[in-house]
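Just below is one structure, and these are the notes that go with it.
Read-outs: derived from the displayed coordinates by stated rules, not from any lab. Keep in mind that what you see is a predicted model, and the values were worked out from it rather than measured. Cβ placement follows ideal geometry from the backbone for every residue including glycine, while neighbour counts extend to all protein chains displayed.
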Amino acid sequence: MSSVVEQQHEAGGDPAQGGSGAAHAPAIDMRRVLHRETHSSRAVASVIAGSLVIVLCLYALLESAVRAIGQPPWLIDPQTAAERIVALPSGVPPLLLGAAGAVIAAAGLFFFLNAVLPGRRARHLLADRRIAVVVDDEVIAAALARSARLAANVTQEQVMVVVSQRQVVVNVRPTSGVPVSENAILQAVEDELQAMGPAPMPQVTVNLSTSGVVGA
């Protein structure tokens, strides 16, 4: 499914509503809107990380308060926990230590990748002077598959197109005994891409299968 975001007037209003409405309407930052449409949100990872930090801080505060009033700890005394951490890996079974290390490493890798990776969605921007158009890669792949199928004169099941951020891979299984021009398929797909004008513009690779389809 594709989504279209209309660009409003510089003042943010509708000319049909008069000058007062345009003067009070807030301007829309199209760059921010398009960035939201093409990049995944990091809100979930941020909430998880914040919640973990809050829970750990509350637990440490609770155990410290319990120790201060001379009551037994709920789970483990803070001083005892610190001594056990310093004494690692002694006193801990290797299997448990390895499992805990793997879980901590996986959690750290999850938050690290969420922080450094761009988090782009499977979408492209299409060039248009009046509106901003955001299209799912599946829609682009379907249009390119149709162009490749017509150029190769094959059925829909014989063409598979994979669209990524910087590359388009067209896989074609020709019909046995029917010659297929790889250059014709490449030209047809590139022409379709140029007509769409996606940003960024991906490079096209055509793969012709060595085994044909019988009776297609």
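Please sort by residue number the trypsin sites (Lys or Arg not before Pro) in the range 144-216 whose DSSP state is loop and whose Cβ has at most 15 other Cβ atoms within 10 Å. If you can, show how the numbers build up before the last one.
Values: sites: Arg146, Arg149, Arg166; in loops: Arg166.
Passing sites in the range 144-216 are Arg166.
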### Task
Kindly identify the range 49-112 as rounded, prolate or oblate by the Cα gyration tensor criterion: order the square roots of the eigenvalues as a ≥ b ≥ c, call it rounded if a/c is under 1.5, otherwise compare a/b with b/c, prolate if a/b is larger, else oblate.
oblate
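Among 48-61, 192-205, 168-181, how do they line up by average Cβ neighbours within 10 Å per residue, starting with the highest? Write down the numbers at each step before the final one.
Working: 48-61: 11.3, 192-205: 15.1, 168-181: 16.8.
So the peptides 48-61, 192-205, 168-181, ranked by packing, come out 168-181, 192-205, 48-61.
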### Task
List every residue whose amide H lies under 5 Å from the amide H of Val168, counting only residues 5 or more places away in sequence or on a different chain, with H placed 1.01 Å from N in the peptide plane.
Gln203, Val204, Thr205
